[in-house]
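The values are calculated or read from the model by the stated rules, or taken from the named source; none is laboratory data. Just so it is clear, the model here is predicted, and its values are computed rather than measured. Neighbour counts run over all protein chains shown; Cβ positions are idealised from the backbone, glycine included.
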């Protein structure tokens, strides 16, 4: 599942001692395993091989250009949500003609840029967006490839902040109106080429049934659109969850139900292939977290310990500006000491330096009783870790490192204070 393990009393990423990285680069630093990413992408391809399927990596999960370059080298397409992400893909050596462009509020400059780069398709979220793309495409003298995101109203059984497939979410067109919207495109928007249909029901799904329910619910519409509009693809979205808690028995937030079997790439494929194969249509899959989530750990140093009447605190040099998931939506990350400990666990809160009560990485967690100066590894930090980082409290962005076997390279230098304020100006 990932390439992190203890060897000779120290935590390794592939064949590199993570203590060596912390000593050379400092902390906090995100450490990515190339092997884990490549293996998971290969697993997707192999599992979906019975279909005409293509993997489009969700760039928002982790957008470092070295990671995007790795995806491009492995033949992946890209699921983008901004003009900036499209630029990143191209800058990293990715193919814009393999990009699908989602998002509810695409601007005119972004739409023009995407059309100039000949992207594969816009995944549209509203009728007004379709009309705007039709207008811009007409002015440019081109036909814009479009699909509409259908909202199937399926409960993904995930956190409310990362569910996207019910009629209370901002995403997509309700399933009750999708046929009407496609008829309107065909009748009134001559500068659009209907290329496919898209759906996505949420992120970090831990069971396969919601995926099955959504496919079953939308499939009759796909069949109809194949006949009416000759659509060439059906994007079934992403959202396959990863294991954040290795034991899957304790420590999970309240919204995370314990399921008998954590979803895997193989079980996902086995549940959907019998439904999708008879269609004979190209299937797009848009995983993000599942490709990079377990492929990274963030190293952080314990700075202080404070023992109060109610709690013990381990204070670290990484804050919610580095990984916001625990504060934002109760995200859980295992936290391991880089130097292996034996039998000296303690219950503590692991908190950062940000001046906010919500700045914690773990609460009431049984962890190794690390002392000031020891390095910790916050696991499963590859997705929505650095990509959601900020400079809040004027804390420079962390460094990033990519491990390949017994070698490692810096793929993002630690931000300097001068770089952090380089674009700020005093008024004239």
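Across the stretch 1-55, what is the total count of residues that are in contact with a strand residue (DSSP E or B) (Cβ under 7 Å, 6 or more places away or on another chain) and under 18 Å from residue 283 (Cβ atoms)?
9
Taking residue 422 and the conditions (1) closer than 26 Å to residue 82 by Cβ; (2) touching a residue at least 12 places away in the same chain (Cβ under 8 Å); (3) surrounded by fewer than 16 Cβ atoms within 10 Å (Cβ to Cβ), which numbered condition does it fall short on, given that it satisfies the others?
(2)
Determine if the stretch 336-344 includes at least one residue that is surrounded by fewer than 20 Cβ atoms within 10 Å (Cβ to Cβ), in contact with a helix residue (DSSP H, G or I) (Cβ under 9 Å, 6 or more places away or on another chain), in a loop (DSSP other than H, G, I, E, B) and modelled with pLDDT under 95.
Among the residues of the stretch 336-344, not one is surrounded by fewer than 20 Cβ atoms within 10 Å (Cβ to Cβ), in contact with a helix residue (DSSP H, G or I) (Cβ under 9 Å, 6 or more places away or on another chain), in a loop (DSSP other than H, G, I, E, B) and modelled with pLDDT under 95, which makes the answer no.
Quick check on residue 26: is it buried (at least 20 other Cβ atoms within 10 Å of the Cβ), on the phi > 0 side of the Ramachandran plot and out of contact with any helix residue (DSSP H, G or I) (no Cβ under 6 Å at 6 or more places or on another chain)?
no
Being in contact with a helix residue (DSSP H, G or I) (Cβ under 8 Å, 6 or more places away or on another chain) and surrounded by fewer than 21 Cβ atoms within 10 Å (Cβ to Cβ) narrows it down to one of 93, 84, so name that one.
93
Can you go through 297, 318 and tell me which one is under 24 Å from residue 38 (Cβ atoms) and modelled with pLDDT of 95 or more?
After applying the criteria, what remains is 297.
If I filter the stretch 364-399 down to residues being assigned to a strand (DSSP E or B) and surrounded by 14 or more Cβ atoms within 10 Å (Cβ to Cβ), which single residue comes out as farthest from the chain's Cα centre (by Cα)?
368
Of the conditions (1) in the same structural domain as residue 319 (by TED's automatic domain parsing); (2) in contact (Cβ under 8 Å) with a residue 24 or more places away in the chain; (3) more than 30 Å from residue 395 (Cβ to Cβ), residue 43 satisfies every one except a single condition; which number is it?
Condition (1) is where residue 43 drops out.
What's the number of the only condition in (1) surrounded by fewer than 16 Cβ atoms within 10 Å (Cβ to Cβ); (2) in contact with a helix residue (DSSP H, G or I) (Cβ under 9 Å, 6 or more places away or on another chain); (3) touching a residue at least 60 places away in the same chain (Cβ under 8 Å) that residue 287 fails to meet?
(1)
In the stretch 29-57, how many residues are assigned to a helix (DSSP H, G or I) and surrounded by fewer than 20 Cβ atoms within 10 Å (Cβ to Cβ)?
Adding up the residues that qualify gives 7.
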